[in-house]
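K.L.:
Below you will find the structure I want to go over with you.
We did not get these values from a lab; they are worked out from the coordinates using the rules stated. Only a predicted model underlies this, so the values are computations on that prediction, with no experimental measurement involved. Cβ atoms come from the backbone with ideal geometry, glycine included; neighbour counts cover every protein chain shown.
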């Protein structure tokens with residue numbers, strides 16, 4: 001009875017930490033997870049101590065303190081390794097899934113530290129732990145009904161497909177991040193690999209939100225190929241992925257507003273890229289940014305925490321910048337651009353969120369540019 005009450009107390013602390021973590025109240029989450037770790041270690045419960053340490057790592061991850069996160073994930077992995085052969089009642093499958101989960105988390109921290117090779121090895125290690133369990137689950141499911149076992153029920157409870165899909169998603173993200181700093185030829189190959197891994201992840205991810213997340217990432221990878229090749233096939237694929245993501249986020253209960261805002265923002269980015277070849281798409285880009293802003297303003301209205309509102313408002317401000325400059329570009333007469341020797345697609349390139357000009361744009365108001373154009377034209381005329 002004493003052990004049961006101790007485990008209940010640890011679970012309550014972990015649940016409280018999870019609630020704070022989901023609300024992005026990271027310091028409060030950290031306090032609860034640390035308390036759970038202390039309670040578990042005092043009780044000699046290696047499994048719950050390892051769970052708690054992993055969750056502490058997640059907090060450091062969310063705070064951007066990736067080195068500290070790696071340290072905690074390493075400690076959690078050691079804790080789960082020590083469970084093998086111990087008196088803990090957790091099954092081998094539970095321990096292996098726990099190890100795979102922490103290994104995946106460690107991989108993501110390494111991705112954020114731009115240690116792409118180490119991260120790739122960790123994701124592969126996580127898959128190597130999960131895939132035999134997936135195979136075992138399929139074998140159990142093909143047994144005659146009367147032979148179904150407790151093993152089948154336990155394997156089903158471990159959510160193996162979703163966990164495997166998360167690893168494939170993170171592998172794709174790792175490849176996409178790596179492509180940004182790679183030479184052009186290698187960069188394109190890495191993006192193709194990322195697309196392949198995202199495609200593997202999508203059918204495994206079980207919730208609308210998680211599928212939408214991967215579709216959004218897939219669309220961004222297609223957008224890179226659109227930008228580098230100019231092939232509209234990639235644009236069509238990207239928009240199809242984003243439209244599907246929007247359907248999924250809207251079907252969530254309640255609708256996933258943050259996912260919707262991000263997806264519409266990505267859609268604006270892609271229409272902006274495509275408008276460099278087809279300027280009629282500027283209107284579509286602006287409409288996508290407008291929709292993103294509409295949803296983002298709804299999110300801001302529900303954020304009570306001052307710091308959260310400030311951080312999210314900063315992200316929203318960037319979308320306003322892109323939208324407003326598209327409006328400016330639409331209003332500049334073609335004869336004016338001809339006098340200035342500027343092509344509209346050059347200006348559109350400035351609005352690309354991946355452009356180096358983004359930080360400059362955020363410091364200039366669109367109105368100031370519009371008001372300055374007539375004077376610039378006068379100077380050009382005088383020089384002529």
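K.L.:
Among 295, 102, 134, which comes first, then next, by fewest other beta-carbon atoms within 10 Å?
P.N.:
Values: 295 22, 102 27, 134 17.
Neighbour counts put them in this order, fewest first: 134, 295, 102.
K.L.:
At a 10 angstrom cut-off on C-beta neighbours, averaged per residue, how do the peptides 152-158, 25-31 rank from highest to lowest?
P.N.:
For the peptides 152-158, 25-31, the packing ranking is 25-31, 152-158.
K.L.:
By counting other Cβ atoms within 10 Å of each Cβ, how are 92, 290 ranked from fewest to most? Can you show the working numbers first?
P.N.:
Details: 92 10, 290 14.
If I rank by nearby Cβ atoms, fewest first, I get 92, 290.
K.L.:
Ordered by packing density, taken as the mean number of other Cβ atoms within 10 Å over each peptide's residues, highest first, how do 229-240, 190-201 rank?
P.N.:
190-201, 229-240
K.L.:
Would you please classify the overall shape of segment 1-73 from the alpha carbon gyration tensor, given that a ≥ b ≥ c denote the square roots of the eigenvalues, rounded means a/c under 1.5, and beyond that prolate means a/b larger than b/c while oblate covers the rest?
P.N.:
Working: a/c = 3.21, a/b = 1.61, b/c = 1.99.
Judged from the Cα gyration tensor, segment 1-73 comes out oblate (a/c at least 1.5, b/c at or above a/b).
K.L.:
Sort the following peptides by mean Cβ neighbour count (other Cβ atoms within 10 Å, averaged over residues), highest first: 243-252, 261-270, 177-186, 121-130.
P.N.:
Packing proxy ranking, top to bottom: 261-270, 121-130, 243-252, 177-186.
K.L.:
Would you mind ranking 96, 143 so that the residue whose beta carbon has the fewest other beta carbons within 10 Å leads the list?
P.N.:
By the 10 Å Cβ count, ascending, the order reads 143, 96.
K.L.:
What number do you get for segment 140-235 when its Cα radius of gyration is normalised by 2.2 N^0.38 Å, N = residues? Numbers along the way, then the final one.
P.N.:
Working: Rg = 17.6 Å, N = 96, 2.2 N^0.38 = 12.5 Å.
Scaled against compact globular proteins, the figure is 1.42.
K.L.:
Starting from the Cα-Cα distance between residue 82 and residue 253, subtract it from 0.36 nm times their residue separation and give me the gain in nm to one decimal.
P.N.:
The residue 82-residue 253 span can extend by a further 57.6 nm.
K.L.:
Determine the shape class of segment 172-298: with a ≥ b ≥ c the square roots of the Cα gyration tensor eigenvalues, call it rounded for a/c under 1.5, and otherwise prolate if a/b is greater than b/c, oblate otherwise. Don't skip to the answer; put the middle values down first.
P.N.:
Values: a/c = 2.12, a/b = 1.16, b/c = 1.83.
Oblate.
K.L.:
Given 4 °C and 1.567 mPa s, compute D for segment 7-152 with the Stokes-Einstein relation, Rh being the Kirkwood radius over Cα pairs; round to the nearest whole µm²/s.
P.N.:
80
K.L.:
Please compute the contact order of segment 143-255 in relative form: average sequence separation of alpha-carbon pairs under 8 Å and at least six residues apart, divided by the residue count, as a percent.
P.N.:
That works out to 22 percent.
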